Amino acid sequence: MSELEYQDQDHNEPKGTTFDFRGYLFKILNWWKFVLVCVGLALIVAYLINVRKQNIYKLSSLISIESDQNPFFTANTSISFNWGGVSGKVGKVMTSVKTRTHNELVVDSLQYYMEYLREGKYRMEDIYTKAPFVITLDKTRGQVLGHQIGVRFISATQFEISANIASDNFIVQRYADREKYRVEAPIQNFAQTFNLGQTISLPFFNGTITQRDPMQIPVGGQFYVQFLNFDSVVNQYKNGVSIAPFNGSSSSVLELSLAGSNKDKIVDYLNATAAILSRTELQRKNLYATNTIKFIDSSLNAVNANLKDVTEEMSQFRKENKLFDVSAEMALVSEKLKTFDLAKQEEQTKLNYLNSLETYLRTKTDYTKIAAPTSVGITESNILTSVSKITALAIERQSKEYTVKEGNIIFKDIDRQIDAEKNVLLETISTTIGTISSNLNSINTSIARLESQLSGLPEDQQQFLKIQRKMDISQEAYNIYLTKRGEAAIVKAANVSDITTIDEAKDIGGGRIGPNKSLNYMMGLMVGFFSPLFLIFVIFLLDNTIHGSDEIERLSNIPILGLIGKYNYKNNLVVYEKPKSAVAESFRAIRSSLQFIYKKQGKEHQGKTLLVTSSVSGEGKTFASINIATVYALSGKKTILLGMDLRKPKIFDDFQITNDKGMVNYLIGESTFEDVLIPTFIDNLDVITSGPVPPNPSELLMSDQLTLLIDQLRDSYDMIILDTPPLGLVTDALELTQFADATIFMVRLDYTKKGMLSLINAKYRAGEVKNISIVLNFYKHKTNHNYGYGYGYGYGYGYGYGTYGNAYHEGNGKRSLWKRLKRVLRS
């Protein structure tokens, strides 16, 4: 763990775990260059996304759904059609727009399965109608799918078709029936020249290329054509186009909208959608009139044939019999018979319609094709109302079949309403059939009565009147059907679609909905800013090393004696060889602080001992031992440096001496004190190295010989510096603390683990080490943690890294550009 701080369980120290938010903030400030670089990179990525990503546009159009109207439908018009109301039609239109059938018609009419492409700066661009040529496909033959076909114009009349299909077999699609099949043909590095207007028949392309008026052919221009799977294109537009009531209202005005990367294609698709909807609706309306005209034509043919037969019969009768006139009385009776015959024919037509309607209701399930009762003269309000309701419900059910799953409760409710209305209608039909049958019986009775009055006439006159009645009835029927046909033809000719375009789709600029460049920049700024903060947070959280004096103050009550700045040098003799450096000044400050400690102990005029240790190897205890010894020696104090790290001897290299003999030889009685004592080239400084590594270093350090040696040295030297092993690794240093008047525990910033302070704290509280102080090594004045206490020491002893401190540097010379850059990055 890192800033979830280790805390010692001591009443003088804070307890628990806390998050060092201030330290985290200073670390962010210390890494501000990294944060700035991340923000810059994120903004560059956002910029590249914005310039490389295709713009997405959304356009719309408005259409209106009107109720069924025709300028020739008046109160006097005998033919009327039941086409449903506006509300059901709105739902049907909204459903139709999202159906595959409708979108297939639109895609096929616009040929959106064929793309005209040109190589752009970042991608292949769909140029659509901006291509200077038009391709007329042979839809009965296959076109390769998913591969680009190059079209390069050699001259104003010639072009080259090129293709490179790696596989020897590829898929083509025949757009006439949308059939896909595989073709085996090697098409690698294919190139062939053709003339404009020439029929092209290739395994991968079949059609004709002509110039698009009024555009000019760009000689040398390179274009591409690509064919897409018809079903995939239809599915894309089916899912992409949307339709909804305008402004969210429930009116009959609908808004069509579509998003895409090419505004011209969006405009054409929306307008084609509206046009096809209008055309389909008009075809549906005309279908009723067309079927009516067909029915009337068939009836006219039958009546006309009957009229011809009756006319021929009358002519034959007149040839065979002399011409005569019937009496006025008989003519009146005959006229009445004709009237009753017409009434009988009308009632019989109604009866036939009702019987057919009853059979249809009992045997069919699609009630949208019920003929209007008024077409046969039925005006019974109950029948008209029931048929209208059943038809409307059937249309509503049909419109929901595309959007609602079968078995849904909505269907069950509609079916229940249809069944209820159908039962009412069947009862009404049954009653009406009874009424019509009674009317027919009455008419037949009247006809029989009148025919009995004519029975007293001569047979030839009776025959004449019968033929005359038949001819009059046929002529009257012919005239009625001819009138109805004329009305139906006028209705069909005057029909207009109930779907009209209020506002066509049009590119008037704007309409861009993506990419959201401002949002991308904002996201880039946020990602670029917060990502390094999170990374710094993770590093900060997982970092368990000590970074500043403030952390030591929170983790330990052991006082900080001084700070030693980071100083790159070839050896450890910095104080001796660079006496004016900031590091040398730091050791002088430590010497002054030690003097204060010794003064409090009352040991100003006798030999004093100083033990230098650390938690692990590499924290600078040998470096500190050598330079503290040097700074005392240079001040005129007779000083001796003892190499008490018997396990890993180090101090001999810096003084250019060997480690053949040392403390080990003396402690085991192999050598005398004079044999192991080595005067150095530094005045007042003697050294005793560790000597060969023994098998039992702890036992040697516990010997009485060492006690006698320390007592002897106190009499001979002013300062005795003990360079000991790491306290956190071995117990040797603890054996030596009994000889120490003062102890320095080295802490190297960015290296020493926080847990090691718990170890020294425990020994300090237990009294195993006394008069201990901490010295911070590798101190950096700009470190994010050295605020508070650390800042004061940094100003006093770490200024060698600033402008003022440069006066203390000797012989470093000017830094190279690379070194200065590295220094800036490290800071």
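Taking the stretch 575-598 as the range and being over 19 Å from Ile560 (Cβ atoms), open to solvent by 60 Å² or more (accessible area, probe 1.4 Å) and part of a helix (DSSP H, G or I) as the test, the residues that pass are Tyr576, Glu577. The set of residues in the stretch 688-734 that are surrounded by fewer than 18 Cβ atoms within 10 Å (Cβ to Cβ), in contact (Cβ under 8 Å) with a residue 40 or more places away in the chain, assigned to a loop (DSSP other than H, G, I, E, B) and small (Gly, Ala, Ser) is empty. So which residues in the stretch 88-106 are open to solvent by 40 Å² or more (accessible area, probe 1.4 Å) and under 19 Å from Ile414 (Cβ atoms), if there are any at all? If the condition is that a residue be open to solvent by 40 Å² or more (accessible area, probe 1.4 Å) and under 19 Å from Ile414 (Cβ atoms), then Lys92, Met94 are the ones that fit. Restrict the check to the stretch 445-461 and report whether at least one residue is under 18 Å from Gln345 (Cα atoms), modelled with pLDDT of 80 or more, of a type outside the set (Ser, Thr, Tyr) and open to solvent by less than 50 Å² (accessible area, probe 1.4 Å). No: zero hits. Against the list (1) crowded, with 17+ Cβ neighbours inside 10 Å; (2) part of a strand (DSSP E or B), the condition Ile513 fails is (1).
Taking residues in the stretch 242-265 that are closer than 23 Å to Asp126 by Cα and of a type in the set (Lys, Arg), and partners anywhere that are in a strand (DSSP E or B) and at pLDDT 90 or above, the pairs with Cβ atoms closer than 7 Å and at least 6 places apart or on different chains are Lys263/Tyr57; Lys263/Leu59. Note on the stretch 145-162: residues that are touching a strand residue (DSSP E or B) at 6+ places or on another chain (Cβ under 6 Å) and open to solvent by less than 60 Å² (accessible area, probe 1.4 Å) amount to 9. Applying the criterion of being aliphatic (A, V, I, L, M) and in a helix (DSSP H, G or I) to the residues of the stretch 240-269, the residue that is surrounded by the fewest Cβ atoms within 10 Å (Cβ to Cβ) is Val267. With the structure loaded, tell me whether Val491 is open to solvent by 80 Å² or more (accessible area, probe 1.4 Å), within 30 Å of Met94 (Cβ to Cβ), in contact (Cβ under 8 Å) with a residue 60 or more places away in the chain and not basic (Lys, Arg) or whether it fails that test. The answer is no for Val491. So for the stretch 745-755 (the condition being in a strand (DSSP E or B) and over 55 Å from the mean Cα position of the chain (by Cα)), does at least one residue qualify? Checked the stretch 745-755: at least one residue is in a strand (DSSP E or B) and over 55 Å from the mean Cα position of the chain (by Cα).
In the stretch 785-797, of all residues being part of a loop (DSSP other than H, G, I, E, B) and buried (at least 22 other Cβ atoms within 10 Å of the Cβ), the one that is modelled with the lowest pLDDT corresponds to Asn786. Taking the stated definitions as given, is Phe223 assigned to a strand (DSSP E or B), in contact with a His (Cβ under 8 Å, 6 or more places away or on another chain) and on the phi < 0 side of the Ramachandran plot? When the stated conditions are applied, Phe223 does not pass them. Contact map, the stretch 667-687: residues that are under 19 Å from Asp704 (Cβ atoms) paired with residues that are among the β-branched types (Val, Ile, Thr), Cβ distance under 7 Å, separation 6+ or inter-chain. Pairs shown: Val676/Ile688. Please work out which residue is most open to solvent (accessible area, probe 1.4 Å), limiting yourself to the stretch 163-207 and to residues that are of a type in the set (D, E, K, R) and under 25 Å from Val234 (Cα atoms). For the stretch 163-207, the residue satisfying everything is Arg182.
Would you call Phe133 within 18 Å of Tyr112 (Cβ to Cβ), within 39 Å of the chain's Cα centre (by Cα) and surrounded by 12 or more Cβ atoms within 10 Å (Cβ to Cβ)? Yes: the conditions hold for Phe133.
Just one of the listed residues (Ile436, Ile502) is in a strand (DSSP E or B) and in contact with a Leu (Cβ under 6 Å, 6 or more places away or on another chain), namely Ile502. Would you check which residues across the stretch 555-564 are crowded, with 20+ Cβ neighbours inside 10 Å and either in a helix (DSSP H, G or I) or in contact with an Asp or Glu (Cβ under 9 Å, 6 or more places away or on another chain) (or both) and list them? Answer for the stretch 555-564, where residues must be crowded, with 20+ Cβ neighbours inside 10 Å and either in a helix (DSSP H, G or I) or in contact with an Asp or Glu (Cβ under 9 Å, 6 or more places away or on another chain) (or both): Leu555, Ser556.
Of the residues making up the stretch 534-552, those that are in a helix (DSSP H, G or I) and crowded, with 17+ Cβ neighbours inside 10 Å number 6. Of the residues making up the stretch 208-237, those that are open to solvent by 50 Å² or more (accessible area, probe 1.4 Å) and under 27 Å from the mean Cα position of the chain (by Cα) are Asp231, Ser232, Asn235, Gln236. For the stretch 474-499, a tally of residues being acidic (Asp, Glu) and assigned to a helix (DSSP H, G or I) returns 2.
Name the residues in the stretch 330-375 that are in a helix (DSSP H, G or I), open to solvent by less than 30 Å² (accessible area, probe 1.4 Å) and modelled with pLDDT under 75, would you? Of everything in the stretch 330-375, those that are in a helix (DSSP H, G or I), open to solvent by less than 30 Å² (accessible area, probe 1.4 Å) and modelled with pLDDT under 75 turn out to be Met330, Val333, Ser334, Thr368, Pro373.
The values are calculated or read from the model by the stated rules, or taken from the named source; none is laboratory data. Being a predicted model, the structure only gives us computed values, none of them experimental. Reconstructed Cβ throughout: ideal geometry from the backbone, glycine too, with neighbour counts over all protein chains shown. When the accessible area is computed, the model is the full protein with side chains, heavy atoms only, and any ligands, DNA or RNA have been set aside. Shrake-Rupley method; radii C 1.70, N 1.55, O 1.52, S 1.80 Å.
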